[in-house]
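Since the structure comes first, as structure tokens, the remarks are kept for the end.
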Amino acid sequence: MNNTTGNGTIILFELYSSMAQIIGYSLAYGILGSLALAGNLTVLLVVFMNKSMRTTINVLLFNLSLSDVLYILLSVPGYLSTEICNQRWMLGLVMAIICQGFAILTAAASVFTLIGIAFERYFAIVHPLKSRTRNTKNRTIILAIGAIWLCSAAFAAPFAIATKTVAFPLPVEENGQITVQDITFLNTDMDIGKFKIYYTSIFIGLHVVPFVSLGIMYTTIAWKLWHPDKQLSDQFDSAGGKETASHMSERNRRKTTIMVIAVLLAFFVCFFPFHIYFISEIFKDDYEYESTTETSVLRVCLILNAAINPVIYNLLSENFRSGFRKIFGSCWCIKHEVNASSVDTIQAVGNLSR
């Protein structure tokens, strides 16, 4: 890393980003990260505490929220520290491996979970009889989730293993004095050729192929939902226009499918720009493994995706809305009871003092 100009002038390395960048990234990471953590933890509580919510689709959404929580807790703090410290890495090699590894692991888990959701919707709507005969038991769901995380680990392991930190002696100005300090940055043991192959496989395996396959599946699902079987329409007509159990089930399936399509679109809208930009960068002749302003801004979109999913559940699912109300209602009742108890205690002490 060369820090001199052509005429020999020394370029000082700034230890911290500009004040505007520090404030901007801190607010963006802090607000979105807090919303994402609170929202997804609430989703986990809703599914865990309500037995009626432990359907196949909701267990998969539970897994999606779990991956978002892990990303917020284990990757986001490290990335925020690099934004504040002008891309320096201050957290040591172990945290570097965790931060980089879990960024890929949780993204892969989200993709595979979305694929699992698509298959569940496909069999429930396009092949409902097969779906009934293949009634998903708890053991099957656990095995599916285990497979999701194992496949995700296979994608993440090479990058986690190759992650390293490198230190460069750079001139810095501190307390009015110019000194040379070893400045540590994130890096990888992969050479540029191997890194291009690895990241291309990530882009194709976790974005292009899933996007195309999911698009095909949801197109089939949408056609089936909005062109229901004639038998269902006849049942509705024979019931004098009243909603039968089959018709109600069909309507609920539409609502659930709209919700998961919204989650899918939010994921790809937030993730695609980052990875399209990154893969276009790595194939440039002068590419170096370092963060840019563009990747820093686009990484905020990844946190936005984690924050927006619970909002989608709340807007489009009556069951989740009810679950959220129960959780927050319980918290309010507990707070109200504690406050009432405190008032009673104060009054009792006052009476005794008389």
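The values are calculated or read from the model by the stated rules, or taken from the named source; none is laboratory data. Predicted model only: the values in this text are computed from it and were never measured. Every residue, glycine among them, receives a Cβ derived from its backbone with ideal geometry; neighbour counts consider all protein chains shown.
Summary of computed values
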item: Residue satisfying all of: in segment 302-354; of a type in the set (S, T, N, Q) and modelled with pLDDT of 80 or more; surrounded by the fewest Cβ atoms within 10 Å (Cβ to Cβ) among these; result: S322
item: Residues that are over 12 Å from A109 (Cβ atoms), crowded, with 17+ Cβ neighbours inside 10 Å and among the hydroxyl-bearing types (S, T, Y), drawn from segment 43-80; result: T56, S75, Y79
item: Residue check for T9: at pLDDT below 90, among the polar types (S, T, N, Q) and touching a helix residue (DSSP H, G or I) at 6+ places or on another chain (Cβ under 6 Å); result: no
item: Residue check, T184 part of a strand (DSSP E or B) and crowded, with 18+ Cβ neighbours inside 10 Å; result: yes
item: Residue, farthest from F112 (Cα to Cα), within segment 207-231, restricted to residues that are at pLDDT below 80 and within 38 Å of the chain's Cα centre (by Cα); result: D229
item: Qualifying residue in segment 139-159 (condition: at pLDDT below 80, over 17 Å from the mean Cα position of the chain (by Cα) and not in a helix (DSSP H, G or I)); result: no
item: Set V166, V180, V111, V126: member being within 23 Å of T256 (Cβ to Cβ) and more than 23 Å from the chain's Cα centre (by Cα); result: V126
item: Boolean, F102 is surrounded by 21 or more Cβ atoms within 10 Å (Cβ to Cβ), closer than 21 Å to T184 by Cβ, in contact (Cβ under 8 Å) with a residue 40 or more places away in the chain and not basic (K, R); result: yes
